[in-house]
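J.: Quick one: the structure is below, and I'll ask about it shortly.
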Amino acid sequence: MLIGEIEGTPRAALSLGDGRVLADPSPLTSYLLASLRVRAAGLWARAATPSLRERIVAAMNPSGSADAVAASASMAGVAHA
């Protein structure tokens, strides 16, 4: 959940789970919502980006097999989700 404030008062909230918005219907809130949506897009993009380790393993395995990533994770003692 992202919460936006104007002059210290919460005026808008955006759910990171599904993008729903709850906001004060004032004209200033539209700018606040735009800022919240930009921030949410950045967080969603970061969450969708594979970790550096996953990218290195994928680059070392041109076939892109998920089994190779899982095997590499188990050798490193890391649970792969």
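J.: Note down the magnitude of the dipole of the stretch 2-48 about its Cα centre, charges +1 on Lys and Arg C-beta and -1 on Asp and Glu C-beta and zero elsewhere, to the nearest 20 debye.
T.: Computed about the Cα centre, the dipole is about 200 debye.
J.: Just to be sure I understand the model, the point goes 7 Å from the Cα along the line to the Cβ. What's the resulting Leu2 to Ala47 distance in nm?
T.: So the two model labels end up 1.2 nm from each other.
J.: Between Arg55 and Leu28, what length comes free when the chain is fully extended (0.36 nm per residue of separation minus the Cα-Cα distance, one decimal in nm)?
T.: Going from the current span to full extension adds 5.6 nm.
J.: Normalised radius of gyration for the stretch 9-60, please: alpha carbon Rg relative to 2.2 N^0.38 Å, two decimal places.
T.: Working it through for the stretch 9-60, the quotient is 1.62.
J.: Next up: Residues with beta-carbon under 12 Å from that of Arg11, excluding Arg11: net charge, scoring Lys, Arg +1 and Asp, Glu -1?
T.: -3
Taken together, the values in this text are just the output of simple stated rules run on the coordinates, not laboratory data. Quick caveat, the model's predicted, so the values are computed rather than measured. Note that each Cβ is placed from the backbone with ideal geometry, even for glycine, and that neighbours are counted across all protein chains shown.
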